[in-house]
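Participant: Structure provided below as structure tokens; questions to follow.
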Amino acid sequence: MAYQDDETSASSSQPNELYEFIGTYNTFRYTSSAKAIISGGQTYLPIAISRNRLKVSNQENDYALEIELPFDNPLMREYAYENSPPTLSLNLYRFHGSNTEDRVLLWSGKVTGFSVQGTTGKLKVPSAFGFVLEGSVPNPRYQGPCNHFLYDERCGVDPVPHSHSATIVSMNGNDIELDTLPFPSNEAAAGLVISASGEARLVISNVGTSVTMSYGFAGVGIGDTVTIRKGCDHSLNGHCKNRFSNGARFGGFPLVPGRNPFTSSLE
């Protein structure tokens, strides 16, 4: 029986769904079935994964698929806790019975959001139209701190002179110890630690050769080489001028009053 007949038949068996996540680092294939399924020459592993109901959307009321899976799943560890999450796309397939090749593509799109509630991780995958609406559009704010991302095209700072490559000698959760680090204390704060594969973590602090990150690495271990970059407080008379000599390209409005979240608390 063809897929469409199965889908509309009252006597059809329970449908199975296949989740294919294709990302910058790795590809993960899961199924909501109780056992592993081979389809399209690929193996889909059974995990506790679910989604909300699909519904028709329109231009006025767009829709996003929401997927739930364990918060400590390898996919979540590798993609959800990045400071700047890498690209991750979803293909959702559905089939009936034992014919795993007679499947249809129910949904396809880019993962645009991650969240964690208790032990449940959640992913947001909008429709193609919704993804366009949520696209990256320049939206500078009239604020004291710089609007640019450090080292991006608008910032213009070359990261190479402000980077240092080192080997990880020990790891403990969010903390890593490097074999060498010539930066003064907290000079890398608000900067990044980047692995050879491109995994990046926000630096919270650095003292000596010890570095505290926002979240531990997923695919990096002792003996691996990482690159650590200096951070910026996004103020004109702070790091922009004094650390990077980049005042001419400052992207903020220094005469606007307000607190700087990089240098003061919000209390």
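Participant: Give all pairs with beta carbons closer than 7 Å in which a residue from region 98-115 that is under 17 Å from I38 (Cβ atoms) meets a residue that is modelled with pLDDT of 85 or more and among the β-branched types (V, I, T); count only pairs at least 6 apart in sequence or on separate chains.
Facilitator: That search, which allows pairs on different chains as well, returns T100/I37; T100/I38.
Participant: Tell me the strands (runs of 3 or more DSSP E) entirely within region 1-96 that contain at least 2 residues that are modelled with pLDDT of 90 or more and crowded, with 20+ Cβ neighbours inside 10 Å.
Facilitator: Where strands (runs of 3 or more DSSP E) fall fully within region 1-96 and carry at least 2 residues being modelled with pLDDT of 90 or more and crowded, with 20+ Cβ neighbours inside 10 Å, they are 16-23, 27-31, 64-70, 88-95.
Participant: Is it the case that some residue within region 98-108 is farther than 14 Å from T27 by Cβ, in contact with a helix residue (DSSP H, G or I) (Cβ under 6 Å, 6 or more places away or on another chain), in a strand (DSSP E or B) and not basic (K, R)? Walk me through how you get there before you give the answer.
Facilitator: Here is the first cut: in region 98-108, the ones farther than 14 Å from T27 by Cβ are 98-108.
Adding the requirement that they be in contact with a helix residue (DSSP H, G or I) (Cβ under 6 Å, 6 or more places away or on another chain) leaves 102, 104.
Add one more test, that the residue is in a strand (DSSP E or B), and what stays is 104.
Right, trim to not basic (K, R) and you get 104.
The answer is yes, given that some residue of region 98-108 is farther than 14 Å from T27 by Cβ, in contact with a helix residue (DSSP H, G or I) (Cβ under 6 Å, 6 or more places away or on another chain), in a strand (DSSP E or B) and not basic (K, R).
Participant: Provide a single number: the residues in region 229-259 that are over 22 Å from A200 (Cβ atoms) and not basic (K, R).
Facilitator: Just the residues of region 229-259 that are over 22 Å from A200 (Cβ atoms), to begin with: 235-238, 241-242, 245, 247-250, 252-259.
Filter once more, keeping what is not basic (K, R): 235-238, 242, 245, 247-248, 250, 252-258.
So the answer is 16.
Participant: Here is a follow-up. Has region 207-224 got any residue that is under 15 Å from P145 (Cβ atoms), surrounded by fewer than 22 Cβ atoms within 10 Å (Cβ to Cβ) and touching a residue at least 24 places away in the same chain (Cβ under 8 Å)?
Facilitator: Within region 207-224, not a single residue is under 15 Å from P145 (Cβ atoms), surrounded by fewer than 22 Cβ atoms within 10 Å (Cβ to Cβ) and touching a residue at least 24 places away in the same chain (Cβ under 8 Å).
The values are calculated or read from the model by the stated rules, or taken from the named source; none is laboratory data. Just so it is clear, the structure is predicted and the values come from calculations on it, not from any experiment. Please note: Cβ atoms are built from the backbone with ideal geometry, for glycine as well, and neighbour counts cover all protein chains shown.
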